[in-house]
1. Applying the selection to segment 1-17, what residues are part of a helix (DSSP H, G or I) and open to solvent by less than 80 Å² (accessible area, probe 1.4 Å)?
2. Look at segment 43-73 and say how many of its residues are open to solvent by 70 Å² or more (accessible area, probe 1.4 Å), modelled with pLDDT of 85 or more and either in contact with a Leu (Cβ under 6 Å, 6 or more places away or on another chain) or among the β-branched types (Val, Ile, Thr) (or both).
3. Is it true that ALA20 is surrounded by 10 or more Cβ atoms within 10 Å (Cβ to Cβ), part of a strand (DSSP E or B) and either within 14 Å of the chain's Cα centre (by Cα) or touching a residue at least 12 places away in the same chain (Cβ under 8 Å) (or both)?
4. Hey, could you check segment 29-40 for residues that are at pLDDT 85 or above and assigned to a loop (DSSP other than H, G, I, E, B) and say which is surrounded by the most Cβ atoms within 10 Å (Cβ to Cβ)?
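The values are calculated or read from the model by the stated rules, or taken from the named source; none is laboratory data. In this text the structure is predicted, and so the values were computed from the model without any measurement. Reconstructed Cβ throughout: ideal geometry from the backbone, glycine too, with neighbour counts over all protein chains shown. Heads up: the accessible areas ignore ligands, DNA and RNA and are worked out on the full protein's heavy atoms, side chains in. Shrake-Rupley method; radii C 1.70, N 1.55, O 1.52, S 1.80 Å.
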Amino acid sequence: MSLARRVRDALTPSRVVVLAVLVLLLVFVLENTQRLTIRLIVPEVTAPLWLTLVAMLVIGWVLGRFVHIRRRP
């Protein structure tokens, strides 16, 4: 089997999409390294902006999964 054939077989469309998302994620993290202070009622937390945004994404996803009502067909 030639090298070109192995590369073509390894680069499936889903793997290309995953690779593109990973590259975009890396760019996102590198562009949002500023630190910010967040007040959580009483304590103040200092964290990088990218970590704060990812935490909000995860919290929103979990809440969405929690309140999602599944409809039976």
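1. Within segment 1-17, the subset part of a helix (DSSP H, G or I) is 3-10, 13-17.
Residues satisfying the conditions are ALA4, VAL7, ASP9, ALA10, SER14, VAL16.
2. The total comes to 4.
3. Working: surrounded by 10 or more Cβ atoms within 10 Å (Cβ to Cβ): yes; part of a strand (DSSP E or B): no; either within 14 Å of the chain's Cα centre (by Cα) or touching a residue at least 12 places away in the same chain (Cβ under 8 Å) (or both): yes.
So ALA20 does not fit the description; no.
4. ASN32
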